[in-house]
Amino acid sequence: QRYCQDVYRGQLASVHSAARNQELQKLARTYTIVAPWIGAVTSCRAGQWESRWEDSSPWNYANWAPIHPCHTVTTCTTLSTRDGLWRSRFCFQLRPFICQY
């Protein structure tokens with residue numbers, strides 16, 4: 001997120017529709033096979049998922065993989081170039097990312 005802000009003056013991408021999700025999946029697939037970061041941040045509090053977008057836009061769409069772990073620490077989100085599903089990952093991993101600006 002910081003690199004996207006500092007270098008591109010943007011935010012990690014937020015996704016608000018199935019069409020946008022598919023568009024970003026196709027875009028990412030042209031550059032990498034590694035699932036890139038998008039701007040969703042998740043945490044699990046009292047057994048409940050809480051998700052938010054880094055750009056503070058409304059949480060009105062999600063495309064989580066059927067099984068995703070509920071971590072006790074805040075995690076970041078990847079968009080699969082293979083199936084378009086989102087997966088929760090530890091934020092320290094180096095990955096490509098989709099920056100919107």
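One table, with the values for the structure above:
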quantity: Residues being open to solvent by 60 Å² or more (accessible area, probe 1.4 Å) and either under 20 Å from R20 (Cβ atoms) or under 12 Å from the mean Cα position of the chain (by Cα) (or both) - total across the range 43-62; calculated: 5
quantity: The range 63-101, subset of a type in the set (G, A, S) and at pLDDT below 95, residue surrounded by the fewest Cβ atoms within 10 Å (Cβ to Cβ); calculated: A65
quantity: Single condition L27 does not satisfy, out of (1) surrounded by 12 or more Cβ atoms within 10 Å (Cβ to Cβ); (2) at pLDDT below 90; calculated: (2)
quantity: Enumeration of residues in the range 3-16 that are in a helix (DSSP H, G or I) and within 12 Å of W37 (Cβ to Cβ); calculated: Y3, C4
quantity: Exclusive hit being within 10 Å of the chain's Cα centre (by Cα) and either surrounded by fewer than 12 Cβ atoms within 10 Å (Cβ to Cβ) or in a loop (DSSP other than H, G, I, E, B) (or both), set A35, A19, A40; calculated: A35
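The values are calculated or read from the model by the stated rules, or taken from the named source; none is laboratory data. Please read these numbers as outputs of a predicted model, since none were measured by experiment. Don't worry about glycine lacking a Cβ; one is built from the backbone with ideal geometry, like all the others, and counts go over all protein chains shown. These area figures cover heavy atoms from the full protein model, side chains too; ligands, DNA and RNA do not enter into them. Shrake-Rupley method; radii C 1.70, N 1.55, O 1.52, S 1.80 Å.
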